[in-house]
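Read the structure below first, then the notes.
Here, each number is a calculation from the coordinates, and none is a lab measurement. These numbers come from a predicted model, not from an experiment. Glycine gets a Cβ as well: all are built from the backbone with ideal geometry, and neighbour counts include every protein chain shown.
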Amino acid sequence: MIVIATFLFMEFVAWFTHKYVMHGLLWSWHRSHHTHRKGVLEKNDLFAVVFSIPAIILIITGSLFPSVHLLMYVGFGITAYGVFYILFHDILVHRRIKIKYKPRSKYLKRLVHAHYIHHQKHTKQGCQAFGFLYAPEKYEPSRDH
Ligand SMILES: [Zn+2]
Ligand SMILES: [Zn+2]
């Protein structure tokens, strides 16, 4: 339960961070993700590193101290989100690992489409569709924007 709740909450955290931090104060990191990448890594990847720190701390603290062992599950939830973020955002959408898989489900098509809309702009301002694992219905590929 805690793992699932944390996982779902992380989509909100990621959306919020993307909208207000990455396209805000830390645009200097995120800009690398809205321009063409030269090497294997981009400065934007630092966000994944930053998010992994609380997950690691929570898992270690939860496993060391029985009184707060539930924290471990919060850490697992964040980690699970990180895994899905890499699968969907980095691999499925941006193809950082070359795979042939094409999304067939309505949900995934909408998700990919929403992120393409996000990447139509290369600027700090004026972007939309900040979610990573959930896209509202208005981003249905068949609809006009
Ligand atoms: Zn962005
Ligand atoms: Zn992206």
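Points worth noting:
- Residue 45 sits among other residues whose Cβ lies under 14 Å from its own Cβ, and their net charge, with Lys and Arg +1 and Asp and Glu -1, is +3.
- Dipole of the chain [Lys/Arg +1, Asp/Glu -1 at C-beta], most positive-end residue of 8, 85, 68: 85
- Cα centroid separation - segment 1-25 against segment 75-145, whole Å: 14 Å
- Where labels lie 7 Å past Cα in the beta-carbon direction, separation of residue 5 and residue 65 in nm: 1.9 nm
- In degrees, nearest ten, helix 2-16 long axis to first principal axis of the chain (Cα): 40 degrees
- The lysine pair tally for segment 2-104, using Cα distances under 23 Å and a gap of 8 or more places or different chains, is 4.
- Taking the Cα centre of the chain as origin and assigning +1 to Lys and Arg Cβ atoms and -1 to Asp and Glu Cβ atoms, the resulting dipole is close to 700 debye.
- Whole-number percent relative contact order across the chain, with pairs defined as alpha carbons under 8 Å at least 6 apart: 28 percent
- Distance in nm between pseudo-label sites at residue 53 and residue 124 (7 Å out along the Cβ direction from Cα): 2.2 nm
- Enclosed volume per residue, in Å³, of the convex hull spanned by Cα atoms of segment 1-43: 81 Å³
- Shown here are the Rg and Dmax of the Cα trace of the chain, at 16.3, 53 Å.
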